[in-house]
Amino acid sequence: MKTVTVSLGDRSYPIHIEAGLLPRAAEHLASLSRGRRMAIVTDENVRPHLAVLQASLEAAGVASEAIILPPGEKTKSWAMLSQVCDRLLELGIERSDHVIALGGGVIGDLVGFACSIVKRGCRFVQIPTTLLSQVDSSVGGKTAINTSAGKNLIGAFHQPAMVLIDPDVLDTLPARQVRAGYAEVVKYGLIDDFAFFEWCEANAPALLAGDADARVYAIAHSVAAKARIVAADEHETNGIRALLNLGHTFGHALEAEAGFSDRLLHGEGVAAGCALAFRYSARQGLCERQDAERVAAHLRAIGLPDGLAAAGIDAPSATLVEHMKHDKKMAAGTLPFLLARGIGQTYLDKTVDLADIAAFLDTEPR
Ligand code: GLY
């Protein structure tokens, strides 16, 4: 088993990663239960994993109660938040109880937020069941719901007490969803770790084919990178955590144009966004054109979109820039962009002119 620690003083927590961990989850959870019934919040699609988790708890003498929500992004809503909070209160949750969030990013974000406000904050454990949530959203304490004004605009920072990651749960996911999650893996190489990018180039096919060692290595490396970044900038105030948004500003515009629908999954938007960020950087003379080409070639090789055309986006540049203006990172009329001086050398640039972004997007094939 690999264990990575997120170092945040008295809120530090371990992330345990091991193939076959879910059936033995009670080894980590029994002591947290303090002899009380544990609440598990999950969604309909995760029922098979719920059964495995509950069997593990039961064998260890830990009673549990499941709250099963509808799957999908719409579940990150005020209505579901209030439903989960009410149910947790009905179950008699106390501040020192640990609620289990079993699912992908939607469940993790919603349950984390509910736990940040129930009784002014109770504890929770993340058991992420998608690659994207395993390498990104389950770690770092960002929690949120969506509202009519946009995605993730209402939320709180609330760190989990533990994260349990079993790569075997990825076996039951559609290949497209795992591929989309992989965008957040390779992102760590692009941000500040050229050697990991090279590892990704060599090992992504095995990882996506389900190779157990490749999965554990990629997940552990990714969460270690995220743990370092979160420890250095928990609340995204000094520019370090913002590095995790590489590809997200372009990607957000593409996702918005696709109506935040299955037409373009979040990770697919991030992949195309990373390729665009590198091409824009090359156009500005910040990085070598061959670096941008290498990033795009890798994304293409594994079946992720490397630009607008591959993402199925044919909107005019002005429309895409309009979407960017609604990005929540917009501050004092400027939008910070993650740009690159090379692979593994990204930085936050607050001087990018959106007119220049539009001119760049005009040059991108539709
Ligand atoms: N997913 C970006 C962050 O956690 O900061």
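Assorted remarks:
- Nonlocal amide H pairs with GLY103, under 5 Å, H built at 1.01 Å: ILE127, THR129
- Dipole magnitude of the stretch 42-82 about its Cα centre (Cβ charges: Lys, Arg +1; Asp, Glu -1), debye to nearest 20: 120
- Annotation: per residue accessible area for the chain equals 40 Å², rounded to a whole number [probe 1.4 Å, protein chains only].
- Take 218-230, 293-305, 71-83 and order them by the average number of nearby Cβ atoms within 10 Å per residue, most first; the result is 218-230, 293-305, 71-83.
- Cβ-derived FRET efficiency at R0 51 Å, ASP356 paired with ARG176, nearest 0.05: 0.95
- Listed residues HIS266, ALA30, LEU208: farthest to the positive end of the dipole of the chain (Cβ charges): ALA30
- Percent antiparallel among DSSP beta bridges (both partners in the stretch 97-155, rounded to 5): 35
- The portion of the accessible surface of the stretch 158-214 made up by carbon and sulfur, rounded to a whole percent, is 51 (1.4 Å probe; DNA, RNA and ligands excluded).
- Largest accessible area first, the listed residues MET330, MET1 line up as MET1, MET330 when surface is computed with a 1.4 Å probe on the assembled protein chains.
- Charge dipole of the stretch 2-109 (Cα centre as origin; +1 on each Lys and Arg Cβ, -1 on each Asp and Glu Cβ, all else neutral): 140 debye, rounded to the nearest 20.
- Between GLN284 and THR3, the simple spin-label model (points 7 angstrom out along Cα→Cβ) gives 4.2 nm.
- Within-13-Å neighbourhood charge of ARG366 [Cβ basis; K, R +1; D, E -1]: -4
- Here the accessible area is traced with a 1.4 Å probe on the protein chains. For the stretch 236-366, carbon and sulfur cover 49 percent of it.
- Förster radius 35 Å - calculated FRET efficiency between ARG37 and SER77, Cβ distance, rounded to 0.05: 0.85
- Compared with the direct C-alpha span, the chain from ASP349 to SER148 gains 69.4 nm at full extension, assuming 0.36 nm per residue.
- Relative to the Cα centre, the charge distribution of the stretch 190-245, modelled as +1 at Lys and Arg Cβ and -1 at Asp and Glu Cβ, gives a dipole magnitude of about 140 debye.
- Restricting attention to the chain, close to 45% of DSSP beta bridges with both partner residues there are antiparallel.
- The slack between ASP86 and ILE117, meaning 0.36 nm per residue of separation minus the straight C-alpha distance, is 10.0 nm.
- Rounded to the nearest 10 degrees, the inclination of helix 105-117 to the longest alpha-carbon principal axis of the chain is 60 degrees.
- Checked against a 32 Å cut-off, the cross-linked pairs LYS151/LYS226; LYS2/LYS329; LYS2/LYS350 give Cα-Cα distances beyond that limit for LYS2/LYS329; LYS2/LYS350.
- Crossing angle, helix 78-90 versus the chain [Cα axis fit, 0-90 degrees, rounded to tens]: 20
- Crossing angle, helix 266-283 versus the chain [Cα axis fit, 0-90 degrees, rounded to tens]: 30
- Note on the chain: dipole from Cβ charges, positive end direction compared against HIS158, ALA19, ILE302; the farthest Cα belongs to HIS158.
- Take the Cα of ALA51, step 7 Å toward its Cβ, do the same at ALA301, and the gap between the two points is 4.0 nm.
- The phi-based Karplus calculation (6.51 cos²θ - 1.76 cosθ + 1.60; θ = phi - 60°) puts the 3J(HN,Hα) values of the stretch 16-31 at 9, 10, 6, 5, x, 6, 4, x, 10, 4, 4, 4, 9, 9, 4, 5 Hz, whole numbers, x for Gly and Pro.
- Amide H contacts of LEU21 (H built 1.01 Å from N, in plane; Pro and chain starts excluded): ASP168 sit under 5 Å, all sequence-distant by 5 or more or on other chains.
The values are calculated or read from the model by the stated rules, or taken from the named source; none is laboratory data. Here the structure is a predicted model, which means the values were calculated and not measured. We place every Cβ from the backbone using ideal geometry, glycine too, and count neighbours over all the protein chains shown. Heavy atoms of the whole protein, side chains included, go into the accessibility calculation; ligands, DNA and RNA do not. Shrake-Rupley method; radii C 1.70, N 1.55, O 1.52, S 1.80 Å.
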